[in-house]
Amino acid sequence: MAGREEVDVWSAMLGELSRASPEGFLDAIEDGRLSDVDTLIVVCLHAIDHPRATAILTRAVGCRDWLVRYHAVRALAGRDSDEARAALVRALDDPKEMIRAEARRAMRRTR
């Protein structure tokens, strides 16, 4: 196995882990076993509706990597918390138009 195939297998494995054991997945991020500034990790957090996931996503909105910020904004859409709304408001001022546009869409979907 090489290259793209390895990435696909890793992606599928992380997705399954996040669905099968959301608490364990969050623990692995919080204790540093998984990076909270990795695009794939942020994408997996989208499906975890938990205050700990929301906290990680709100921090990711401030990441230097624009792709991490973009997926964090997408994942925050629809979350019912002041923390999520505040992060989306911050994203409205992001230097990348793509992220600002996604933040506007996310604000419309947030309760």
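Bear in mind these aren't lab numbers, they're just calculated from the coordinates by the rules spelled out. Here the structure is a predicted model, which is why all the values come from computation and not from measurement. Here the Cβ is made from the backbone with ideal geometry for all residues, glycine too, and neighbour counts use every protein chain on show.
Among the trypsin sites (Lys or Arg not before Pro) in region 1-93, those located in a DSSP loop and surrounded by at most 10 other Cβ atoms within 10 Å of their own Cβ are R33, R64.
Relative to the present Cα-Cα distance, how much length would full extension add between R108 and D27 at 0.36 nm per residue of separation?
Full extension from R108 to D27 adds 26.1 nm.
The slack in the chain from A12 to E83, taken as 0.36 nm per residue of separation less the alpha-carbon distance, amounts to 22.6 nm.
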